[in-house]
1. Is there any pair with a first residue in segment 72-89 that is touching a residue at least 12 places away in the same chain (Cβ under 8 Å) and under 12 Å from Leu152 (Cα atoms) and a second that is in a loop (DSSP other than H, G, I, E, B) and aromatic (Phe, Trp, Tyr) whose Cβ atoms are under 7 Å apart and which are 6 or more apart or on different chains, and what are they?
2. Taking only segment 277-312 into account, find how many residues are under 30 Å from Phe100 (Cβ atoms) and in contact (Cβ under 8 Å) with a residue 12 or more places away in the chain.
3. Restricting to strands (runs of 3 or more DSSP E) lying wholly in segment 229-303: which have 3 or more residues that are out of contact with any Lys or Arg (no Cβ under 7 Å at 6 or more places or on another chain) and at pLDDT 85 or above?
4. Mind telling me which of the residues Leu75, Leu84, Leu29 ends up being touching a Pro at 6+ places or on another chain (Cβ under 7 Å) and modelled with pLDDT of 95 or more?
5. Out of all the residues in segment 304-315, which are under 28 Å from the mean Cα position of the chain (by Cα) and assigned to a helix (DSSP H, G or I)?
6. Identify the residue in segment 139-156 that is over 14 Å from Phe296 (Cβ atoms) and among the charged types (D, E, K, R) and, among all such residues, is surrounded by the fewest Cβ atoms within 10 Å (Cβ to Cβ).
7. Going residue by residue through segment 17-38, is there one that turns out to be part of a helix (DSSP H, G or I), aromatic (Phe, Trp, Tyr), under 16 Å from Asn151 (Cβ atoms) and within 16 Å of the chain's Cα centre (by Cα)?
8. Looking at Ala219, Ala193, which one is surrounded by fewer than 11 Cβ atoms within 10 Å (Cβ to Cβ), assigned by TED's automatic domain parsing to the domain that holds Glu78, in contact with a strand residue (DSSP E or B) (Cβ under 7 Å, 6 or more places away or on another chain) and hydrophobic (A, V, I, L, M, F, W, C)?
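The values are calculated or read from the model by the stated rules, or taken from the named source; none is laboratory data. Here the structure is a predicted model, which means the values were calculated and not measured. Please note: Cβ atoms are built from the backbone with ideal geometry, for glycine as well, and neighbour counts cover all protein chains shown.
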Amino acid sequence: MKLNRLGTVSWEDSQLLYHAQPRLGREGLNLLSPGSPYFCLGYFQDAEQEVDVEYCREHSIPIFRREVGGGAVYLDGEQLFYQLIIHRDNPLAPASRDAFYRKFLQAPIAAYRALGIPAEYKPVNDILANGRKISGNGVGEIGEYIVFVGNLIVDFDYETMTRVLKVPDEKFRDKIFTTLQSNLTTIRRELGAAPARDELWDLMAAKFSEVLGPMEVEATIDPDWRAETDRLAQTMLRDDWTYRSRRGSGQRAVRIRSGVNVQHKVFKAPGGLIRATVEVEDGVIVSVALSGDFFFYPAEALTDLEAALTGVLLDDVEQTVARFYESRSIESPGITPADIAQTIR
């Protein structure tokens, strides 16, 4: 496996490079940082529901939708990314997502501890230090490959993160700001200063090598990798990819006529926020759209679940979802069929 120590790259490359590797049939570990800030959406999220799009446009903050689940986050050069691309049949890759997180989060946890920061694993996919989140992580599937992405947070722009989120009013925004400061920490905040960047890269390379074994180090993007990255840019930087909608909304219900309602529900499960837009006629689901900041594997099966729920009685939702999970071997860490059913009902 190759260790690609790429340093600072364009914000576009900081996402597109790891999306390209599975399509090229390449395993590898990337260590890099974006050269400029941007806002990154989880695969199942709706941009219009999560982001103040106009503010981002006015302040030239790009928005990118990744093929990995989870929540929206503000990213910049003060975050050091690690991106592991590994074939699902590789003996190093645990079968379950929970086990995958537990194994590979050992590396950043060990790196933080080597710096003197008391990091610990918090299921499903976080690293905490002194009770505060200090690393965000996600796992997705692209073709036959598992993609694991995360970061060491050297510093964090709490104000911009709070400003780009879409919120109902400024009072709510102020609450998010204070809550974010109370629950998200950084290397600089914990230590009072940040180590040299090369020291952090060396530390991450060493700790991942303890988990993955020796790796061949590369520092450049070869022509084939560049060509595939540029090809993906033609799709993944387009508005119709970024702003595609699953019709999520805030929690409310609209009566169309007697027995017919369109319901917009939101439920916070341990594994993330679930949004459901449901059309119901006489207690039967006519259509349903699910979105949110959760993880769901395989990702394309979420659309099949929506189809499987069409024509189902509201009383039978949980059993239907449970059968679907079993038949399709669905994994959704922190999200159960009961959580989805509760959201819909």
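1. Glu78/Phe156
2. Adding up the residues that qualify gives 19.
3. On the way: elements: 252-257, 260-269, 272-281, 284-292.
In segment 229-303, the matching strands (runs of 3 or more DSSP E) lie at 260-269, 272-281, 284-292.
4. Being touching a Pro at 6+ places or on another chain (Cβ under 7 Å) and modelled with pLDDT of 95 or more holds for just one of Leu75, Leu84, Leu29, which is Leu75.
5. Listed by number, the residues that qualify are Asp304, Leu305, Glu306, Ala307, Ala308, Leu309.
6. Once the filter is applied, the top-ranked residue is Glu144.
7. Looking through segment 17-38, at least one residue is part of a helix (DSSP H, G or I), aromatic (Phe, Trp, Tyr), under 16 Å from Asn151 (Cβ atoms) and within 16 Å of the chain's Cα centre (by Cα).
8. Ala219 is the lone residue from the list that is surrounded by fewer than 11 Cβ atoms within 10 Å (Cβ to Cβ), assigned by TED's automatic domain parsing to the domain that holds Glu78, in contact with a strand residue (DSSP E or B) (Cβ under 7 Å, 6 or more places away or on another chain) and hydrophobic (A, V, I, L, M, F, W, C).
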